[in-house]
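What follows is a single structure, written as structure tokens, with notes after it.
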Number of protein chains: 2
Amino acid sequence: MFDRAAKDAAIRGGKMLAKGINAGPGAATGIIKFFADDAEAWVKEHGKPDAHGVRKPEGRVVLVRKETSPEDLRGMQAAEGILTAFGGASSHAALVSRQMGKVCVVGCSDLKIDYNARTVTVKGKVLKEGDFISVDGFTGEVFEGAIATRASEVVQVLIEKTMKVEDSKLCQQFNDLMGWADKRRTMKVRTNADTPIDAERALAFGAEGIGLCRTEHMFFNHIKEIREMILAENLEDRKAALAKLLPFQREDFYGIFKAMKGKPVTIRTLDPPLHEFLPHEEKGQAEMAAEMGVPASKIAERVKALHEMNPMLGFRGCRLGIVYPEITEMQARAIFEAACDLKKEGIDVEPEIMIPLVAFLQELKVQKKIVLDTAEKVFAEKGVKVEFLVGTMIELPRACIRADQIATEAQFFSFGTNDLTQTGLGMSRDDYGSFISHYQENDIVPKDPFQVIDFDGIGGLMEIGVERGRKTKPDLKIGICGEHGGEPDSVKFCHRIGLNYVSCSPFRVPVARLAAAQAALEKKK
Amino acid sequence: MFDRAAKDAAIRGGKMLAKGINAGPGAATGIIKFFADDAEAWVKEHGKPDAHGVRKPEGRVVLVRKETSPEDLRGMQAAEGILTAFGGASSHAALVSRQMGKVCVVGCSDLKIDYNARTVTVKGKVLKEGDFISVDGFTGEVFEGAIATRASEVVQVLIEKTMKVEDSKLCQQFNDLMGWADKRRTMKVRTNADTPIDAERALAFGAEGIGLCRTEHMFFNHIKEIREMILAENLEDRKAALAKLLPFQREDFYGIFKAMKGKPVTIRTLDPPLHEFLPHEEKGQAEMAAEMGVPASKIAERVKALHEMNPMLGFRGCRLGIVYPEITEMQARAIFEAACDLKKEGIDVEPEIMIPLVAFLQELKVQKKIVLDTAEKVFAEKGVKVEFLVGTMIELPRACIRADQIATEAQFFSFGTNDLTQTGLGMSRDDYGSFISHYQENDIVPKDPFQVIDFDGIGGLMEIGVERGRKTKPDLKIGICGEHGGEPDSVKFCHRIGLNYVSCSPFRVPVARLAAAQAALEKKK
């Protein structure tokens, strides 16, 4: 957080530039970078921490973007904070920042960003790349210049806990509190984690499993191979590219399974539309062409062919695995090979394979068959078997309405409340910034529906989903893996409608444990 | 339709190029034009019908586009047929074509259109602007060259009926059949019409009112003024631009009310996102800048600011009228002024004002208040009152779930099944072309959900909407105005769940009357 006096001085000095949506708590000061590559390179060169683990101010970066995309992941990891002009509380920038524990302000619509000139203009004031900027992720405020920061006590506790320095008094208090909470709560708390580091951090915070492991984040570390797969013009070429991806995926899953020490891990098969893996600008396409030895025109053509008017409602989720079953097959193989290898090493693994964006029973049936067939093959090859489940995200209104049918095949449900909110309200998390503040000021929506579940509406759909799903399978395990799983009021709602677990980003796990206990106590009363 | 022998010859001659989605029945032959302006200009100059009302082949145009947008309306009206590379059965091209009674094939993904070179390449074959092309709107087939067409008997009947030549034997048979149907059916049949011509045609086909009048189509005829409104930087300028639009809207409504002779007319307030009214390409922006006397950079900036990642889920529908209440006010004023003027002339008018994209009760409340306040003002000014209703589209899953709340303010519901299908299934009608054929071939969806209502899913949401809405208001009038309202199986479904009326494009009105009668008979059994 900012040093209180330093922030007050900045406000009095007229340094406050604008206000966006607070999307990742904390405070960050650093120099402006507009491109993820530049941010990464700058921090690598100038951002070496000193002996006390502290970076010099000029070695810190705030990544300033119109919006972020998965291509920006490494730059976001390097930055202290992320500031975007567009997007809401569940935009890519916000989701990823929370997961990484980064400070983040999104939807700051007063920012006019010019990528070519490398400037950001706010109400007539022009800031250049390299200028200092400060963002307050608690309030959404954006300041010109540097402001001194200090670690908040809570964050300090969490970090110490992660670092296993458990002898401090604060840590003791934290552990006591969490212990009391754990005794009362009936819902499990899992975490959304895509890497062994995230998984370990979440375990230290008390996570009881992974509720959402997004496989596409792994794909971005092997972008060349996934791009080969996307450019493939026939099944054979696509399978060849997937074969190259297989060992990477297997290794990734192996790492996560191992970190989770036998706790359940829910892995979602590929979800985002394929065009997210391709560069959309000419420069990036030229670089990709050079790297892959194909004409740039071919890449431009593929990008064009994959272009969608409404990517949120397009060719993504299980639709990918249905049209290209070889993708699901590769992913299932990677999961089972990793699990079998670990079992041979004496580590029990319980993968839960989750099919995204299911609306029709038949979609789940088709994908489940691929998973089951692949499991059988891998178990025969490895001479060992592991227990596993196949379930589905419930993230489309139709899935709630037809939960009775889907439950005949699903071994678990997990509510994807981000997408369910987007579709149920007809409101894109990337676009609602243009009207949501007006809506909140005029009491049209009580709270930002991407931060707190819209109980009456989206919650109503969830209730139908739970009721109809359990009508088919009374003991159906149901969780939530949308960002709402770490928001206290939403966690309590999940308890009230009878969910078995919530899952949230690692830093929110303690919050969820506490809220789950409060919910249990409230219900008792 | 095509002359059977001529079409067979084309197939034998290898002239068939590709197959898309059949989106507007009939057959069309003409020369290729890629731009709506060019199509309009060409037909104006070369397309004069001869003494028998027939155009020379070289005076006919097939408009070939990647996709169409509201800017293309006049060009579509001039063309014989419309062919698009993208989009599905409910894309803009398909919806508008059906309403206009134009032949249309959409989502023909084999077409590679190059707007700069003015060519379309299909499987290696290059066709230039000015070359002949033929499209079969019944089958989705696309042919190189001209194919002789002849009027289908059914269309002939419908046209004769419109022309009031009711003495033919076929017309007699048609009228008899419709008469029997009308005796049996309990659901009313309305039409979707935006112009007096459409309204008159639909009346001749037996429409009992207008179920959907889209005001944005009128806006396109006064594009300069609406663009002034969008560019306005403050409330004053916006109101000045709206004041210029008012007389045009009033005149439009006057014409439609008059054509409908006292039958109910449901008018939807502005729905599409504002960027649809601005040119997205540099050339168009330069032209607009010259015409309006503003720098092109200002227009480019506004287009950029209005850009959305998922326009379907963005700043549209009642969200526009809530952030800019002056738009709703102008539209309400135009409606009431026209209605009062007609009443003074002795013609009774029953406007039903319909607020689109409502998800929250409060949205409807806020918009309804503007309408009621405006009505009161206009009635006082004119010294006359008209009866009217204020209701809402039910086109978002949340609106179905909270129909009980919304019904406290709504005087009628109208299901917008196009958008309800898009949001309920998480499937954009512009983007589902990339996977829907695979889905249909593999029995994942039984029928194209944009052609036939997905009874189990979207139908399930509708049932909840009807049940909860009527729990609040037992006699609530409920209709449907999505394209499904003219599809026989969907019409029967609407009857089964207790809707009061269906509304569809003028040419489908007789089909809906027949299906409604069949549904009533089936239910009786």
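Regarding the range A:246-258, can at least one residue be identified that is of a type in the set (A, V, I, L, M, F, W, C) and not in a helix (DSSP H, G or I)?
Of all residues in the range A:246-258, those of a type in the set (A, V, I, L, M, F, W, C) come to A:246, A:248, A:253, A:256-257.
The next check asks that each one be not in a helix (DSSP H, G or I); those that pass are none.
The answer is no; no qualifying residue exists.
For the range B:123-136, which residues satisfy the criterion of being under 23 Å from B:Asp37 (Cα atoms), touching a Gly at 6+ places or on another chain (Cβ under 9 Å) and not hydrophobic (A, V, I, L, M, F, W, C)?
Step one: of the range B:123-136, the residues under 23 Å from B:Asp37 (Cα atoms) are B:126-135.
From the residues that got through so far, the ones that are touching a Gly at 6+ places or on another chain (Cβ under 9 Å) too are B:131-135.
Of everything in the range B:123-136, those that are under 23 Å from B:Asp37 (Cα atoms), touching a Gly at 6+ places or on another chain (Cβ under 9 Å) and not hydrophobic (A, V, I, L, M, F, W, C) turn out to be B:Asp131, B:Ser134.
Looking only at the range B:366-408, count how many residues are more than 9 Å from every other protein chain (Cβ to nearest Cβ), over 19 Å from B:Leu212 (Cα atoms) and not hydroxyl-bearing (Ser, Thr, Tyr).
Of the residues in the range B:366-408, 20 are more than 9 Å from every other protein chain (Cβ to nearest Cβ), over 19 Å from B:Leu212 (Cα atoms) and not hydroxyl-bearing (Ser, Thr, Tyr).
Search the range B:91-125 for residues being of a type in the set (S, T, N, Q) and over 12 Å from B:Gly24 (Cβ atoms), and hand back the single one that is nearest to the chain's Cα centre (by Cα).
The initial filter retains those residues of the range B:91-125 that are of a type in the set (S, T, N, Q), namely B:91, B:97, B:99, B:109, B:116, B:119, B:121.
When the remaining residues are screened for being over 12 Å from B:Gly24 (Cβ atoms), the result is B:109, B:116, B:119, B:121.
Details: B:Ser109: 23, B:Asn116: 29, B:Thr119: 29, B:Thr121: 29 Å.
Ranking the candidates gives B:Ser109 first.
Which one of the conditions (1) under 21 Å from the mean Cα position of the chain (by Cα); (2) closer than 27 Å to A:Leu111 by Cβ does A:Ser437 fail to meet, given that it meets all the rest?
(1)
Please work out which residue is nearest to the other protein chains (Cβ to nearest Cβ), limiting yourself to the range A:419-445 and to residues that are surrounded by fewer than 24 Cβ atoms within 10 Å (Cβ to Cβ) and part of a loop (DSSP other than H, G, I, E, B).
Looking at residues that are surrounded by fewer than 24 Cβ atoms within 10 Å (Cβ to Cβ) and part of a loop (DSSP other than H, G, I, E, B), I get A:Ile444.
Could you figure out which of (1) more than 30 Å from B:Thr84 (Cα to Cα); (2) within 7 Å of chain A (Cβ to nearest Cβ) isn't true of B:Glu467?
Failed condition: (2).
Can you pull out the residues in the range A:472-493 that are within 18 Å of the chain's Cα centre (by Cα) and open to solvent by less than 10 Å² (accessible area, probe 1.4 Å)?
Those that are within 18 Å of the chain's Cα centre (by Cα) and open to solvent by less than 10 Å² (accessible area, probe 1.4 Å): A:Gly479, A:Ile480, A:Cys481, A:Gly482, A:Glu483, A:His484, A:Gly485, A:Gly486, A:Ser490, A:Val491.
Listed here are the residues, each with its yes/no results for (1) in a strand (DSSP E or B); (2) at pLDDT 90 or above; (3) crowded, with 21+ Cβ neighbours inside 10 Å.
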| residue | (1), (2), (3) |
| --- | --- |
| B:Ser90 | no, no, yes |
| B:Ser97 | no, no, yes |
| B:Ser109 | no, no, no |
| B:Ile133 | yes, yes, yes |
| B:Thr139 | no, no, no |
| B:Val142 | yes, yes, yes |
| B:Ala151 | no, no, no |
| B:Gln156 | no, no, no |
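Mind listing just one residue for me: the one in the range B:300-335 that is assigned to a loop (DSSP other than H, G, I, E, B) and open to solvent by less than 50 Å² (accessible area, probe 1.4 Å) and, of those, nearest to A:His307 (Cα to Cα)? Write out each step before concluding.
Restricting attention to the range B:300-335, the residues satisfying the condition of being assigned to a loop (DSSP other than H, G, I, E, B) are B:307-310, B:314-317, B:324.
Add one more test, that the residue is open to solvent by less than 50 Å² (accessible area, probe 1.4 Å), and what stays is B:308, B:310, B:314-317, B:324.
Details: B:Glu308: 14, B:Asn310: 12, B:Gly314: 18, B:Phe315: 21, B:Arg316: 22, B:Gly317: 25, B:Tyr324: 31 Å.
Step by step, filter the range B:300-335, then rank; the result is B:Asn310.
Select, from A:Ser434, A:Ser428, A:Ser414, the only residue that is touching a Cys at 6+ places or on another chain (Cβ under 6 Å) and touching a residue at least 60 places away in the same chain (Cβ under 8 Å). Even if it seems obvious, please write down each step before you answer.
Working: A:Ser434 fails: touching a Cys at 6+ places or on another chain (Cβ under 6 Å); A:Ser428 fails: touching a Cys at 6+ places or on another chain (Cβ under 6 Å).
Checking each option against the conditions leaves just A:Ser414.
Quick check on this structure: which one of B:Arg508, B:Arg496 is away from chain A (no Cβ under 14 Å) and surrounded by fewer than 24 Cβ atoms within 10 Å (Cβ to Cβ)? Working first, answer last.
Working: B:Arg508 fails: surrounded by fewer than 24 Cβ atoms within 10 Å (Cβ to Cβ).
Within the list B:Arg508, B:Arg496, the selection yields B:Arg496.
Please go through the range A:451-464 and give me each residue that is touching a residue at least 60 places away in the same chain (Cβ under 8 Å) and within 12 Å of chain B (Cβ to nearest Cβ), ordered by number.
Of all residues in the range A:451-464, those touching a residue at least 60 places away in the same chain (Cβ under 8 Å) come to A:451, A:461-462, A:464.
Those that are touching a residue at least 60 places away in the same chain (Cβ under 8 Å) and within 12 Å of chain B (Cβ to nearest Cβ): A:Leu461, A:Met462, A:Ile464.
Can you report the number of residues in the range A:338-349 which are of a type in the set (A, V, I, L, M, F, W, C), part of a helix (DSSP H, G or I) and either within 14 Å of another protein chain (Cβ to nearest Cβ) or open to solvent by 10 Å² or more (accessible area, probe 1.4 Å) (or both)?
Result for the range A:338-349: 0.
Which helices (runs of 4 or more DSSP H) does the range A:350-418 wholly contain that include 3 or more residues that are open to solvent by 10 Å² or more (accessible area, probe 1.4 Å)?
Values: elements: A:361-382, A:397-401, A:403-406.
Hits in the range A:350-418: A:361-382.
Identify all residues within the range B:300-337 that are among the polar types (S, T, N, Q) and more than 9 Å from chain A (Cβ to nearest Cβ); write none if there are none. If you could, list the steps in order and put the result at the bottom.
Our first condition is that a residue be among the polar types (S, T, N, Q); within the range B:300-337, this holds for B:310, B:328, B:331.
Of everything in the range B:300-337, those that are among the polar types (S, T, N, Q) and more than 9 Å from chain A (Cβ to nearest Cβ) turn out to be B:Thr328, B:Gln331.
Could you look through the range B:414-433, keep only residues that are acidic (Asp, Glu) and at pLDDT below 95, and pick out the one that is nearest to the chain's Cα centre (by Cα)?
In the first step, residues of the range B:414-433 are kept if they are acidic (Asp, Glu); the result is B:419, B:430-431.
Next, from what is left, pick out any that are at pLDDT below 95: B:430-431.
On the way: B:Asp430: 15, B:Asp431: 18 Å.
The qualifying residue nearest to the chain's Cα centre (by Cα) is B:Asp430.
Only residues that are part of a loop (DSSP other than H, G, I, E, B) and either closer than 21 Å to A:Ala241 by Cα or within 12 Å of chain B (Cβ to nearest Cβ) (or both): list them for the range A:281-299, please. Walk me through how you get there before you give the answer.
Start the filter on the range A:281-299 by keeping residues that are part of a loop (DSSP other than H, G, I, E, B), which leaves A:281, A:293-295.
If the condition is that a residue be part of a loop (DSSP other than H, G, I, E, B) and either closer than 21 Å to A:Ala241 by Cα or within 12 Å of chain B (Cβ to nearest Cβ) (or both), then A:Gly293, A:Val294, A:Pro295 are the ones that fit.
Inside the range A:173-220, can you point out the residues that are outside any helix (DSSP H, G or I) and open to solvent by 40 Å² or more (accessible area, probe 1.4 Å)?
Quick first cut of the range A:173-220, residues outside any helix (DSSP H, G or I) only: A:185-195, A:205-214.
Result: A:Thr186, A:Lys188, A:Thr195, A:Glu208.
Across the range B:455-464, what is the number of residues that are open to solvent by less than 20 Å² (accessible area, probe 1.4 Å) and over 16 Å from B:Ser414 (Cα atoms)? Working first, answer last.
Just the residues of the range B:455-464 that are open to solvent by less than 20 Å² (accessible area, probe 1.4 Å), to begin with: B:457-462, B:464.
The next check asks that each one be over 16 Å from B:Ser414 (Cα atoms); those that pass are B:457.
Within the range B:455-464, residues that are open to solvent by less than 20 Å² (accessible area, probe 1.4 Å) and over 16 Å from B:Ser414 (Cα atoms) number 1.
Taking the range A:448-486, which residues are at pLDDT 95 or above and among the charged types (D, E, K, R)?
Passing the criteria: A:Asp454, A:Asp456, A:Glu463, A:Glu467, A:Arg468, A:Arg470, A:Lys471, A:Lys473, A:Asp475, A:Lys477.
Would you point out the residue of the range B:71-88, among those that are more than 14 Å from chain A (Cβ to nearest Cβ) and open to solvent by 10 Å² or more (accessible area, probe 1.4 Å), that is nearest to B:Gly284 (Cα to Cα)? Before you say what the answer is, go through the steps one by one.
Here is the first cut: in the range B:71-88, the residues more than 14 Å from chain A (Cβ to nearest Cβ) are B:71-83.
Right, trim to open to solvent by 10 Å² or more (accessible area, probe 1.4 Å) and you get B:71-74, B:77-78, B:80.
Values: B:Glu71: 11, B:Asp72: 13, B:Leu73: 16, B:Arg74: 16, B:Gln77: 21, B:Ala78: 21, B:Glu80: 25 Å.
So, considering only residues that are more than 14 Å from chain A (Cβ to nearest Cβ) and open to solvent by 10 Å² or more (accessible area, probe 1.4 Å), the one nearest to B:Gly284 (Cα to Cα) is B:Glu71.
Among the residues of the range A:285-295, write down those that are surrounded by fewer than 16 Cβ atoms within 10 Å (Cβ to Cβ) and of a type in the set (Gly, Ala, Ser).
Residues of the range A:285-295 surrounded by fewer than 16 Cβ atoms within 10 Å (Cβ to Cβ): A:286-287, A:290-295.
Hits for the range A:285-295 are A:Ala286, A:Ala290, A:Gly293.
The values are calculated or read from the model by the stated rules, or taken from the named source; none is laboratory data. As the structure is a computational prediction, the values presented were derived from the model and not from experiment. Note that we place each Cβ from the backbone using ideal geometry, even for glycine, and neighbour counts take in every protein chain shown. For the accessible areas, the whole protein counts, side chains as well, though only heavy atoms, and no ligand, DNA or RNA atoms are used. Shrake-Rupley method; radii C 1.70, N 1.55, O 1.52, S 1.80 Å.
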